[in-house]
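Some notes on the structure that comes next.
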Amino acid sequence: MSMTGRERLLNALAGKPTDRPSVISACQYASYELMDATGASWPEAHRDAELMATLSGKGGAEIIGLDAIRAPYCQTIEAEALGAKIKSGGKTHIPSIAEHPCKLDDTPECPADFLERGRVPVALKAISLMKERYGDQVLVMGGIGGPFSIANSMIGITPFLKAMFKTPDKIKPFLEVGLEVAKKFGQAYIEAGADAIVIEDMMASLDMISPKNFRTLAAPYEKELIASLDVPVILHICGKLDKVMLDIAETGATAISVESAVDVPAAKQAFAEKGYKTAIIGDISPSGVLLSGTPEEVKEAVHDALKRGVDIISPGCAVAPSTPLANLKAMVAGALD
Amino acid sequence: MATKEELTHKLAQAIVDMEVDEAEAVAKAITDAGWFSMDLLEKGIAAGMGQASQYYEDGEYFIPELLSCADAAEAATDVFRPYMQGQAPEPKGCVVIGAICGDTHDIGKNIVALVIQAAGYEVIDLGRDVPAQDFVAAAEREQADVIAIASLMTTSMNHMADVIQLLEKRGIRDRYGVVVGGKPISASFAREIGADRYAASAGAAVRIIDEWMQAKKQMQVAE
């Protein structure tokens, strides 16, 4: 019996049988071809709920054929709402932080009206429109930054990492605000209709910080955030995470989204030994395969990922906007045969 | 009293150990003893940073550690700077470096720039969010040997190819070695966009640039 994308992904997240492997994009998947095909483009789609819902919803559910649709595209919404100056990425890029809102010695706080600030209402409205239009067919996912990543977007990664090393007490208030912001945003997505939350804690990568710092400064906040969200939660972290895969599973995430740098069979075995049911999502390379490969190579990468024990197929990180649409479709086609 | 060799070693170790005050104190002890010489930059400071970046490659150090090593190296360099006047060594070559447009993350690029500089190169750092034409203009202006392009984000990495296309369009592609790096970048992606090499780390970038300069010298000799 054929399943809807929604049923398929919910089953896959719960470790139950599916009619075929589930395919999503845990991180952003808007591409230039998708913008042309939906008539909803950057930069407008970053600030307009209708366009965001069209590009993400129509683009993801109807055109690519994913089992889940998500918004937004960038990771600067929280920082903007906290006072960061944002530089538009124009038609071709995502927005970026031009100026961080705080300095290390500031006492940060989560604004009471956070949910009304900047593009937060846009993302929330887009999720409710996507739920209304596609909610019976696919899973609708709201994207937030992880507490660690929100915290360092407030003062900038370099001062943050230096302080982490020398004066860790000074960054704790930022992590607390990061946690509070993420909880509020996640909760509001759920109220707007989100079926699941994706936490992108990209800066908590072992490319940046040590396993020890991951355990003390990133994981505890992720865990508290996840406990506060009453829906399935996907935790995405970039890079080679082998040394902390068990720690990530212990945050309570329903699934972990990883890049191909992670040794999936080893992680699966470690999970099995501990009795953890955490699903692994990934790990199709956005650069080597999706951007520069052929549709055939994309399909092969999907088959290979499934062989290595990946539970749910997804690009390993954000999709490059110039990625050919044929390759995004091939990622779905690869799971059909 | 410590010998010059002992102090030089101590300086390198202070940098590896991220001891900013110690690095500064040792550098002062060296200059107070009248022992400053240009080779300290290589044997003390570059050696310390080289060891630190090796620890990073080995997974023993992470970015916060490297940044702190760089602070210690900077503190020692500040002490030496007044003594370096007029005897700057001939740089091994000139490297233009930047994070490609659309990418405002520059932490990785900054570290690579520091390590390349510590290895004896003149480094022209264009900063972050750099358009393709600025890479090419700077390389031409500075008569650079190598263009190093960083990208931390999958959403901006495709613009690295613009730099290479622009070089080709102007017929100056073979004047420069183009090295690319950054988290989402791979050797196959580097080949795909026509870069000469992919550097997986700061240490690898130095080795690749050293090789490039070696090959360039041999070509010049052959000509």
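The values are calculated or read from the model by the stated rules, or taken from the named source; none is laboratory data. All values reported here derive from a predicted model rather than from experimental measurement. Quick reminder, even Gly has a Cβ in these numbers, built from the backbone with ideal geometry, and neighbours come from all protein chains shown. When the accessible area is computed, the model is the full protein with side chains, heavy atoms only, and any ligands, DNA or RNA have been set aside. Shrake-Rupley method; radii C 1.70, N 1.55, O 1.52, S 1.80 Å.
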Kindly evaluate residue B:195 against the criterion of being closer than 20 Å to residue B:216 by Cβ, within 14 Å of chain A (Cβ to nearest Cβ) and hydrophobic (A, V, I, L, M, F, W, C). yes
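So for the stretch A:133-152 (the condition being at pLDDT below 95 and either surrounded by fewer than 18 Cβ atoms within 10 Å (Cβ to Cβ) or in a helix (DSSP H, G or I) (or both)), does at least one residue qualify? Lay out the reasoning, then the answer.
Let us first name the residues in the stretch A:133-152 that are at pLDDT below 95, namely A:152.
Retained after the next criterion (residues that are either surrounded by fewer than 18 Cβ atoms within 10 Å (Cβ to Cβ) or in a helix (DSSP H, G or I) (or both)): A:152.
Within the stretch A:133-152, one or more residues are at pLDDT below 95 and either surrounded by fewer than 18 Cβ atoms within 10 Å (Cβ to Cβ) or in a helix (DSSP H, G or I) (or both).
Is it the case that residue B:124 is away from chain A (no Cβ under 14 Å) and β-branched (Val, Ile, Thr)?
Working: away from chain A (no Cβ under 14 Å): yes; β-branched (Val, Ile, Thr): yes.
Here the answer is yes, as residue B:124 does meet what is asked.
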Unmet requirement for residue B:25, which otherwise passes all of (1) crowded, with 20+ Cβ neighbours inside 10 Å; (2) of a type in the set (A, V, I, L, M, F, W, C); (3) part of a helix (DSSP H, G or I): (1)
Failed condition for residue B:181, given (1) free of Cβ contacts under 8 Å to residues at least 60 places away in the same chain; (2) outside the structural domain of residue B:9 (by TED's automatic domain parsing); (3) more than 21 Å from residue A:98 (Cβ to Cβ): (1)
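Any residue in the stretch B:198-206 that is under 30 Å from residue A:91 (Cβ atoms), within 20 Å of the chain's Cα centre (by Cα), at pLDDT 90 or above and surrounded by fewer than 21 Cβ atoms within 10 Å (Cβ to Cβ)?
To start, the set of residues in the stretch B:198-206 that are under 30 Å from residue A:91 (Cβ atoms) comprises B:198.
Filter once more, so that each one left must be within 20 Å of the chain's Cα centre (by Cα): B:198.
Within this subset, residues satisfying the condition of being at pLDDT 90 or above are B:198.
Now drop any that are not surrounded by fewer than 21 Cβ atoms within 10 Å (Cβ to Cβ), which leaves B:198.
Yes: one or more hits.
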Could you give me the residue pairs with C-beta distances under 6 Å whose first residue belongs to the stretch A:39-62 and is under 18 Å from residue A:329 (Cα atoms), whose second residue is part of a helix (DSSP H, G or I) and open to solvent by 50 Å² or more (accessible area, probe 1.4 Å) wherever it lies, and which are 6+ apart or on separate chains? A:57/A:133
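Can you tell me which residue is least open to solvent (accessible area, probe 1.4 Å) among those in the stretch A:216-261 that are within 13 Å of another protein chain (Cβ to nearest Cβ) and among the charged types (D, E, K, R)?
My answer is A:259.
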Selection from the stretch A:142-159 of residues in contact with a helix residue (DSSP H, G or I) (Cβ under 7 Å, 6 or more places away or on another chain) and either under 14 Å from residue A:210 (Cα atoms) or of a type in the set (Gly, Ala, Ser) (or both) yields A:142, A:145, A:146, A:148, A:149, A:151, A:153
Give, as residue ranges, the strands (runs of 3 or more DSSP E) completely inside the stretch A:1-113 that count at least 2 residues that are within 14 Å of another protein chain (Cβ to nearest Cβ) and among the basic types (Lys, Arg). A:85-87
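This table checks each residue for (1) within 10 Å of the chain's Cα centre (by Cα); (2) modelled with pLDDT of 90 or more; (3) hydrophobic (A, V, I, L, M, F, W, C).
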| residue | (1), (2), (3) |
| --- | --- |
| B:71 | no, yes, no |
| B:78 | no, yes, no |
| B:81 | no, no, no |
| B:106 | no, no, no |
| B:114 | yes, no, yes |
| B:118 | yes, no, yes |
| B:125 | yes, yes, no |
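Tell me whether the stretch A:239-251 contains one or more residues that are touching a residue at least 12 places away in the same chain (Cβ under 8 Å), closer than 13 Å to residue A:314 by Cβ and aliphatic (A, V, I, L, M). Steps first, answer last, please.
Residues of the stretch A:239-251 that are touching a residue at least 12 places away in the same chain (Cβ under 8 Å), as a first pass: A:239-251.
The next check asks that each one be closer than 13 Å to residue A:314 by Cβ; those that pass are none.
No: zero hits.
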Considering the stretch A:310-324 alone, what residues qualify as being open to solvent by 20 Å² or more (accessible area, probe 1.4 Å) and either within 14 Å of chain B (Cβ to nearest Cβ) or over 18 Å from residue A:266 (Cα atoms) (or both)? A:322, A:324
Any chance the stretch B:27-46 includes a residue that's under 22 Å from residue A:165 (Cα atoms), at pLDDT 90 or above, touching a Ser or Thr at 6+ places or on another chain (Cβ under 8 Å) and of a type outside the set (S, T, N, Q)? yes
The residue that is nearest to the other protein chains (Cβ to nearest Cβ), considering only those in the stretch A:182-212 that are outside any helix (DSSP H, G or I), open to solvent by less than 20 Å² (accessible area, probe 1.4 Å) and at pLDDT 95 or above, is A:200
Some residue of the stretch A:84-92 being modelled with pLDDT of 95 or more and open to solvent by less than 20 Å² (accessible area, probe 1.4 Å): yes
Counted residues, the stretch B:153-177 - those being more than 11 Å from residue B:194 (Cα to Cα), part of a helix (DSSP H, G or I) and in contact (Cβ under 8 Å) with a residue 40 or more places away in the chain: 2
Residues in the stretch A:158-181 that are away from chain B (no Cβ under 14 Å) and open to solvent by 40 Å² or more (accessible area, probe 1.4 Å) total 5
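Would you say residue B:29 is away from chain A (no Cβ under 14 Å), without any contact (Cβ under 8 Å) to a residue 40 or more places away in the chain, aliphatic (A, V, I, L, M) and more than 28 Å from residue A:155 (Cα to Cα)? Can you show your working first?
Values: away from chain A (no Cβ under 14 Å): yes; without any contact (Cβ under 8 Å) to a residue 40 or more places away in the chain: yes; aliphatic (A, V, I, L, M): yes; more than 28 Å from residue A:155 (Cα to Cα): yes.
Taking the combined requirement at face value, the residue satisfies it.
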Provide a single number: the residues in the stretch A:266-293 that are touching a residue at least 24 places away in the same chain (Cβ under 8 Å) and either among the basic types (Lys, Arg) or open to solvent by 60 Å² or more (accessible area, probe 1.4 Å) (or both). 4
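For the stretch B:148-189, give me the residue count where each residue is of a type outside the set (Asp, Glu) and more than 14 Å from chain A (Cβ to nearest Cβ). Explain how you work it out, then say what you get.
Taking the stretch B:148-189 and keeping what is of a type outside the set (Asp, Glu), we get B:148-161, B:163-167, B:169-173, B:175-189.
Now drop any that are not more than 14 Å from chain A (Cβ to nearest Cβ), which leaves B:148, B:163, B:166-167, B:169-173, B:175-179.
Number of matching residues: 14.
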Filter the stretch B:31-59 for residues that are among the polar types (S, T, N, Q), open to solvent by less than 40 Å² (accessible area, probe 1.4 Å) and within 18 Å of the chain's Cα centre (by Cα) and give the result. B:53
Residues that are open to solvent by less than 20 Å² (accessible area, probe 1.4 Å) and either among the charged types (D, E, K, R) or assigned to a loop (DSSP other than H, G, I, E, B) (or both), drawn from the stretch A:325-337: A:334, A:335
Is one or more of the residues making up the stretch B:60-73 surrounded by fewer than 22 Cβ atoms within 10 Å (Cβ to Cβ), more than 14 Å from every other protein chain (Cβ to nearest Cβ) and not basic (Lys, Arg)? no
Among A:66, A:9, A:34, which is the only one that is more than 23 Å from residue B:153 (Cα to Cα) and open to solvent by less than 10 Å² (accessible area, probe 1.4 Å)? A:9
